[in-house]
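Have a look at the structure below, then the notes.
The values are calculated or read from the model by the stated rules, or taken from the named source; none is laboratory data. The structure displayed is predicted, hence computed values, not measured ones. Every residue, glycine among them, receives a Cβ derived from its backbone with ideal geometry; neighbour counts consider all protein chains shown.
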Protein chains: 2
Amino acid sequence: MSAPRFTAIVEALSETVPFVGPEALARQNGVPTLARIGANESGFGPSPKVLEAMAKAGPDIWKYPDPENYDLRHALARHLGIAADEVVIGEGIDGLMGLLVRVFINEGDVVATSLGGYPTFNYHVVGHGGVLATVPYRNDHEDPEALAELAQTSGARMVYLANPDNPMGTWWPAATIEAFIDAVPEDCLVVLDEAYGETAPAGTLPPFNTSRPNVIRLRTFSKAYGLAGIRVGYAVGNKRLIGGFNRIRNHFGVNRLAQVAAMAALEDQAYLQQAVVAIHRANARIAAIAAESGLASVPTATNFVAVDCGQDGAYARRVLEELGKRGIFVRKPAAPVLDRCIRISAGPDDALDLLAEHLPASLKAAYEP
Amino acid sequence: MSAPRFTAIVEALSETVPFVGPEALARQNGVPTLARIGANESGFGPSPKVLEAMAKAGPDIWKYPDPENYDLRHALARHLGIAADEVVIGEGIDGLMGLLVRVFINEGDVVATSLGGYPTFNYHVVGHGGVLATVPYRNDHEDPEALAELAQTSGARMVYLANPDNPMGTWWPAATIEAFIDAVPEDCLVVLDEAYGETAPAGTLPPFNTSRPNVIRLRTFSKAYGLAGIRVGYAVGNKRLIGGFNRIRNHFGVNRLAQVAAMAALEDQAYLQQAVVAIHRANARIAAIAAESGLASVPTATNFVAVDCGQDGAYARRVLEELGKRGIFVRKPAAPVLDRCIRISAGPDDALDLLAEHLPASLKAAYEP
């Protein structure tokens, strides 16, 4: 019996979930999640004003969202000091990445990234028939010089860099990023993922320069703003690049309450600053908890800490599993060398109390002499 | 100066919004929307239990949604009498259409639809390099026999049919749809858009038969469920077809509160039945308001009425614009013959009071003897 054929690109893919959710793990393991500190969400939550704004807008939920995201785009433009047609809103950074790849990557085109970089970006590249070329991390940092060189030598159409980085939490100062951008050929798109920009030290994020023909910067409300559940990310770049999204995006893709929530979050910068302080404090506590078990932590500019389990990737995997059995949801890097670490998200004290309680036993249970 | 090149497919597209929102119209015209009866939303809103459920889940908004949409998929599967891996959730039917096209359509592949059918479907087809082939409506109905014949003769990889139809509101009984499906080659995917299924008479929707290798049925919470703002649609089909989505979808694309809202809406079938009654009553009132001005209406199985303005498309366009100047937001079909109509969504009495008040003057102002 015949049936509709997938395209050749899709036929070559498998069904997958780039990140298995804690809900799925709880279903699989039969263990409820007691401490949700694995997805770099912010357990400190959003501004109370966000919840108020969503509640107020609730009765309007029968209306489609504004497909132009007009109010939010204009609010972001004012906040960032750019023009409203230099920013596009999407269903999280993940959604925007899918569109970006679709706009620029033909089957067989090379895309440069780091070995161990953001898996969902890779998912979209491969999903559109792109070919990944990678350079390794160096000292737990993405390596901008090597990435720029790879972009040049491989003929890549797109190069990805996260600053601050996920999954390691490391970062480069703005000057290094600007030198990287300068070193990338102008016909190669620089995708600069700044999902963790709000928690980074001053001087990490370069000023916006939307006259650049080949730079897209990705930001989100999912991390420091505490709104992972609303699925709102945005991309900033010059008008031509942003216009590319408007040729293909799902115009009604962003939930109406999400638009309202993001606006309210953006307006409450005082809360954001409080949240960032709480995140920094939680990061320090994670490092302290790790140190109590004799483990080193990688310095971080994000809302998570990569904790070095001190042995190989298999050991770190077992530590993660042991924590999971105890209801502590964390994740870990998958690429060699990085994979010696587990990645623990900043969270409120009750979550970190559970981490402190269960980490020593998990390390012990994972140990195979 | 060089810059990253769009793919050839994207280069050929222009920036667009398939449906200009009432917010944009209000901004352009400087006239606030007094009666929002143009986008086939349900002004009757969702079940009060939905708003309660969203309010309760609000504080969890810092968490990512479950990327597997497990609870909602299982609830839908129970409700529809299918398996949970025979349904996929997406960011509205629009989002699912984009994925569908991406899974099945190569550049240059033919996709069959009706001239005047759903523009967002066409947007996604063209956006992936597909080539549209069309047959005209017949007596304000999509023409299943002609569509099946076109699917055969054109070598189409995909054929689209909405039942009930948008923008005309007409419908076919299940037996006609089943005969249509039987007449389409098995390697051609039938995309059966049932966005308006809940308001259709009994006997309109065929029973589910997920053993069919080539049928995907699209449903939504945006219409009778009164939840256009949450952006949740779903696709039902056999496991292989549904698995195609899981190779490429934006797993975290559906808002967490939207998942909760859809679950609550699905559970309150009593409210849905009330809403459908209110919609039917509103449709009758729209037809009565039209009749008072001497206009005929097309019989409808949806939450809107196509009102025949009795002259050509240019006249109907002017009627629409005159209504717009008066704060009455409606839309209209664009294709020849159909375009003699304006399309008015079922809404609460206050909205239809405004329609009744302003339609006569709008018709008069649009008239050019």
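Summary table below
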| read-out | value |
| --- | --- |
| The stretch B:155-173: number of residues that are small (G, A, S) and touching a Ser or Thr at 6+ places or on another chain (Cβ under 6 Å) | 1 |
| Those residues of the stretch A:225-237 which are aliphatic (A, V, I, L, M), over 13 Å from the mean Cα position of the chain (by Cα) and part of a helix (DSSP H, G or I), in sequence order | A:I230 |
| Which listed residue, of B:F208, B:F245, is aromatic (F, W, Y) and farther than 29 Å from A:G95 by Cα | B:F208 |
| Residue ID - farthest from A:T134 (Cα to Cα), chosen from residues in the stretch A:101-116 that are more than 10 Å from chain B (Cβ to nearest Cβ) and either in contact with a strand residue (DSSP E or B) (Cβ under 7 Å, 6 or more places away or on another chain) or at pLDDT below 95 (or both) | A:G108 |
| Yes/no for B:D140 being in contact (Cβ under 8 Å) with a residue 40 or more places away in the chain, away from chain A (no Cβ under 14 Å) and not small (G, A, S) | yes |
| Number of positions in the stretch A:127-149 that are within 26 Å of A:F221 (Cα to Cα) and surrounded by fewer than 21 Cβ atoms within 10 Å (Cβ to Cβ) | 2 |
| Where B:I181 falls short, out of the listed (1) under 22 Å from A:F252 (Cβ atoms); (2) within 14 Å of chain A (Cβ to nearest Cβ); (3) among the β-branched types (V, I, T) | (1) |
| Residue in the stretch A:84-93 that is out of contact with any Lys or Arg (no Cβ under 8 Å at 6 or more places or on another chain) and either farther than 28 Å from B:N40 by Cα or of a type in the set (A, V, I, L, M, F, W, C) (or both) present | no |
| Sole residue being among the charged types (D, E, K, R), touching a residue at least 24 places away in the same chain (Cβ under 8 Å) and in a helix (DSSP H, G or I), chosen from B:R240, B:R219 | B:R240 |
| All positions within the stretch B:305-343 that are outside any loop (DSSP other than H, G, I, E, B), within 18 Å of B:Y137 (Cα to Cα) and not β-branched (V, I, T) | B:A306, B:D308, B:G313, B:L338, B:D339, B:R340, B:C341, B:R343 |
| Candidate set from the stretch B:1-19 (those that are more than 8 Å from chain A (Cβ to nearest Cβ) and surrounded by fewer than 17 Cβ atoms within 10 Å (Cβ to Cβ)); member that is farthest from B:P333 (Cα to Cα) | B:E11 |
| Lone unmet requirement of (1) crowded, with 24+ Cβ neighbours inside 10 Å; (2) facing another protein chain (nearest Cβ under 10 Å); (3) of a type outside the set (S, T, Y) for A:L218 | (2) |
| Among the candidates A:G233, A:G229, residue that is within 12 Å of chain B (Cβ to nearest Cβ), closer than 24 Å to A:V330 by Cβ and free of Cβ contacts under 8 Å to residues at least 24 places away in the same chain | A:G229 |
| For A:L96: the one exception among (1) facing another protein chain (nearest Cβ under 10 Å); (2) more than 21 Å from the chain's Cα centre (by Cα) | (2) |
| Selection within the stretch B:21-53 - assigned to a loop (DSSP other than H, G, I, E, B), aliphatic (A, V, I, L, M) and within 8 Å of another protein chain (Cβ to nearest Cβ) | B:A39 |
| Residues located in the stretch B:247-270, provided they are within 14 Å of another protein chain (Cβ to nearest Cβ) and in a helix (DSSP H, G or I) | B:R247, B:I248, B:R256, B:L257, B:A258, B:Q259, B:V260, B:A261, B:A262, B:M263, B:A264, B:A265 |
| Residue within the stretch B:271-294 that is touching a residue at least 40 places away in the same chain (Cβ under 8 Å), surrounded by fewer than 19 Cβ atoms within 10 Å (Cβ to Cβ), more than 9 Å from every other protein chain (Cβ to nearest Cβ) and not in a helix (DSSP H, G or I) present | yes |
| Of the criteria (1) touching a residue at least 60 places away in the same chain (Cβ under 8 Å); (2) within 11 Å of chain A (Cβ to nearest Cβ); (3) within 23 Å of B:P167 (Cα to Cα), which one B:P65 fails | (3) |
